[in-house]
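The structure under discussion appears below in the form of structure tokens.
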Amino acid sequence: MAKTRKKPQQLLAQSLKAASNASRGNIVKSSYLDRKYRERLINAGFLTEVIRGWYLLRSADGDSGSTAWFGGFWAFLQYYLDDRFGKNKYCLSAESSFNLYAGDTFVPKQIIVLTQKASNTTISLPHNTSILLLTDSKNFPDDVERINGITRMSLPFALSRLTPTYYRKNPRNIEIVLKISSLSVSEISRTLLKTENIASAERIIGAYKYLGEVSKSEQIRGDISAAGYILKDINPFDEYLPKLAEMRFSSPYVGRIRLMWNEMRLVVIDNLPSSPGVVGDKKQTIEVIQETYKQDAYHSLSIEGYQVTEELISKIESGEWDPENIIDDRKQRDALAAKGYHNAFQEVIMSITKVLNGESSGSVLSNDLQKWYRQLFTPLLVANLLEPEKVVGYRNHPVYISNSRHVPPPSSAVLECMETLFQLLKEEHHAGVRAILGHFIFVFIHPYMDGNGRIARFIMNLMLISGGYPWAIIRTENREKYMSSLELASTKEDIGKFAKFIASEIK
């Protein structure tokens, strides 16, 4: 009996299954995947070459591929380095290790890796990234840790190896790490004495003292001096002003968020018109916002890639669109997104009403955010296209931002980051700062698997209205300016361009 010939889609599905089984974090080594599967997936756009013999498994969605690569960068690094050198035969350099401890997880243009085997080469990777391999068998650290699958120097050891240049170029990272409550001063002293790195000891002592941690500075000084070393007073920073005062935190991501807020707020204030304050008829304010709905929904959904027309928005607004009873309506993905946006918009209006009646905008957001998110995705639940648990709470998986080098904090840090954001919003008295930094920090955290951009713009507008500013619509034709200014803020901590952009949209 003749075999039934498989259809192309069946062959593709079989190939995808084989690649998925052979992959680690969406990274595939060619020797573990049969050639017929590999070629089929390359032709279909599901496999792209990273370097010879290594591939990235991605969705064939027609984008530039940078999103998939930036999302898979750390997985590739882990798999490739383990495979080439062995788990304990390499480690990230002091600078690259320290960046990760500081919660600085954006994808760097180049990452430096120390090896025991001969290497000394640069490996070019996609989208202007690379690995610099340096052989350092003589000084290879014996104090390494495996964290998230990457071998890096222990934090005290990495700190002891930092150069004076790192302090001058990355003072924020130094301040964040030295404010982490779990960092043991005794372990730092032990490492400095073990490595006999007295110049580094002087920099660490000076850094702690300059950042207001005098007791920790003196403890290290005492430990090193007791061993007979004479120490000089050195301030390793170059005109850097501390931003975190006497704060302590368990997560570097919380420290980074607080530091960015403290540093960025003054830039925002300089670029925004003064808050006019809430004046006039509150009912009329709500009516004006309601009148913006069609335009706002069209642009906000279009920015996210949905194909939504004003006719569809009108149909949803009038109640004519009925996915519960009309099969054709249930099948429309873009319409489901538009219906969810309409539901969430009405929930936001209720939150704005509370703020106009005198409630704290930060407290209102903290209480109502989950309602907004739930409404945004309820139509997908009704259409059985989303599991109910997906609209409960924050994400519990990694998430990546389209075409961005910024990698949001791990899911384990999201709750603490969001609580920090709520607290900052409650403490901030300038409505414009609440609006712009509320939007930016929310997308920096990216607490949900989907809908982050739409909700961030709702947050921005809730905060704008709380200060008497008008509702701002980010128009589709300005998408590139909008996204590039957010990318600059996320990867360079430069909020100026984003603040100016929002100020122009308000006008």
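What follows is calculated from the coordinates using simple rules that are stated; it is not laboratory data. In this text the structure is predicted, and so the values were computed from the model without any measurement. Note: ideal-geometry Cβ built from the backbone for every residue, glycine included; neighbour counts use all protein chains shown.
For the pair Asn88 and Asn396, label points projected 7 Å from Cα toward Cβ lie 3.4 nm apart. The residues neighbouring Ser181, those whose beta-carbon lies less than 13 Å from its own, together hold a net charge of 0 under the Lys/Arg +1, Asp/Glu -1 convention.
Sorted largest first, the principal axis extents computed over the alpha-carbon atoms of the range 146-251 equal 38, 33, 24 Å.
Applying 1/(1 + (r/R0)^6) with r as the Cβ-Cβ distance of Thr121 and Val382 and R0 = 60 angstrom yields a FRET efficiency of 0.60. Here the sum of -39500 (n - 2.57) over DSSP H runs of 4 or more residues, divided by the residues of the chain, equals -17500 deg cm²/dmol at 222 nm, to the nearest 500.
Got a sec? How would Lys481, Lys339 order by Cβ neighbour count within 10 Å, fewest to most?
Lys481, Lys339
Here the label points at Asp494 and Glu427, each 7 Å from Cα along the C-beta direction, are separated by 2.7 nm in the simple model. Scoring 258-266, 13-21 by mean Cβ neighbours within 10 Å over their residues and listing the highest first yields 258-266, 13-21.
Phi-derived couplings, Karplus 6.51 cos²θ - 1.76 cosθ + 1.60 at θ = phi - 60°, listed residue by residue for the range 459-476: 4, 4, 6, 4, 6, 4, 4, 5, x, x, 6, x, 5, 9, 10, 7, 7, 4 Hz, with x used for Gly and Pro.
Taking 51 Å as R0, compute the FRET efficiency from the Cβ-Cβ separation of Thr292 and Leu134 and round it to 0.05. Can you show the working numbers first?
Working: r = 56 Å, r/R0 = 1.10.
Step by step, r from the Cβ atoms, then E = 0.35.
Applying a threshold of 18 Å to the alpha-carbon distances of Lys294/Lys339; Lys7/Lys29; Lys179/Lys209; Lys354/Lys507; Lys179/Lys243 flags Lys7/Lys29; Lys354/Lys507 as lying beyond it. Using C-alpha pairs under 8 Å with a sequence gap of at least 6, the mean separation divided by the residue count of the chain gives a relative contact order of 13 percent. Of the three principal axes defined by the Cα atoms of the chain, the extents in descending order read 82, 81, 34 Å.
Rounded to 0.05, the FRET efficiency of the Arg190 and Leu241 pair, given R0 = 35 Å and the Cβ-Cβ distance, is 0.65.
For a straight C-alpha distance cut-off of 18 angstrom, the aspartates and glutamates reachable from Lys371 (same-chain residues fewer than eight places away being disregarded) are Glu347, Glu359, Glu387, Glu389, Glu419, Asp450.
Count the DSSP beta bridges whose two residues both fall in the chain, then state the antiparallel fraction as a percent rounded to the nearest 5. If you can, show how the numbers build up before the last one.
Details: 20 of 27 bridges.
Approximately 75 percent, going by the DSSP bridge assignments.
Taking the range 455-487 and a reference point 7 angstrom along Cα→Cβ of Lys282, the backbone N atoms nearer than 17 Å belong to 462-469.
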